[in-house]
Protein chains: 2
Amino acid sequence: MDKTKKARLAKKGWTFGSAETFLGLTPEESAYIEIKLSLARELKKARLKKGLSQTALASKLGSSQSRVAKMEAADEQVSLDLIVRSLLATGKRPREIARAVAK
Amino acid sequence: MDKTKKARLAKKGWTFGSAETFLGLTPEESAYIEIKLSLARELKKARLKKGLSQTALASKLGSSQSRVAKMEAADEQVSLDLIVRSLLATGKRPREIARAVAK
DNA sequence: TCGCCTTATGTCAGTATTGACATAGCTGGT
DNA sequence: ACCAGCTATGTCAATACTGACATAAGGCGA
């Protein structure tokens, strides 16, 4: 699970569309990252749809603006757990989360 | 996220079919638990289908038998992250993971 | 321009999760 | 009964994640 180094490079070095494009990521690693990215996008969409700022959402979640920003950026130091729980807290149903996972 | 107390009670107190049945869990909390349970079942199914013991799977994952057991039990001290990465490592595709999330 | 609001990014101390280990219970074979 | 393989559960030190905070940068109306 040495995600840190690779993911850091990935984020800082180049922008990318598919997580498959960089060096040294196994298919499982890129699949994991893509799932995270997709859920992150979903969270941002859900927030915007409700017309909330990151700060407002953070207070609903009992978290902080910076952490919401990191979630939406699919930051490496944010867990899938947190994103999923946040999606549920914004009212998303498992079914909709599932759709994002598959996408 | 004071999951610990409630979840502990839940696991030790009664057995259950739906995570909705105990005291004091918000809908989001039970949805989260149900997702975890479903993914846990999926992992066990995947392992058995491959004819692997928990120990054998653990060594493929770079983890330990006890942690695999905890994953399959959807133990509170196991993250969604770990279960998802393990599913990917056993060859499951995001689409199949998504199906388990929705279920 | 100046505030004000929003988002992004870095850091840190507190907490949660991890792999590893020990151990116990169980089953099937001898 | 004994043993070997499998699974469940508890504990611990190391690591990862968390909320909070600071700060920077951008947009926008006055």
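In table form, for the structure just shown:
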read-out: Label spacing, shortest first and in nm, from B:Arg95 to its equivalents in the remaining copies (7 angstrom along Cα→Cβ); value: 2.0
read-out: Solution diffusion estimate, µm²/s, Stokes-Einstein, segment A:62-103, Kirkwood Rh from C-alpha pairs, 37 °C, viscosity 0.692 mPa s; value: 304 µm²/s
read-out: Distance violations [Cα-Cα > 28 Å] among A:Lys70/B:Lys50; A:Lys60/B:Lys44; A:Lys36/B:Lys44; A:Lys45/B:Lys60; A:Lys45/B:Lys36; A:Lys49/A:Lys70; value: A:Lys70/B:Lys50; A:Lys60/B:Lys44; A:Lys45/B:Lys60
read-out: Mean projection area, nm², convex hull over Cα of segment A:18-96; value: 5.4 nm²
read-out: Sites A:Arg99 and B:Ala69 - FRET efficiency at Förster radius 30 Å, r taken between beta-carbons, to 0.05; value: 0.45
read-out: Calculated label separations, B:Ser53, copies of the chain, 7 Å along the beta-carbon direction, nm; value: 5.8
read-out: Estimated distance in nm for a label pair at B:Lys45 and A:Lys49, the labels positioned 7 Å out from Cα along Cα-to-Cβ; value: 2.7 nm
read-out: Phi-based couplings in Hz for segment A:90-103 (Karplus 6.51, -1.76, 1.60; Gly and Pro marked x); value: 7, x, 5, 9, x, 4, 6, 5, 4, 4, 5, 5, 6, 6
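Where a number appears in this text, it was derived from the coordinates with a stated rule and is not lab data. All of these numbers come straight from a predicted model, not from anything done at the bench. A quick note on method: Cβ atoms are made from the backbone with ideal geometry, for glycine too, and the neighbour counts reach across all protein chains shown.
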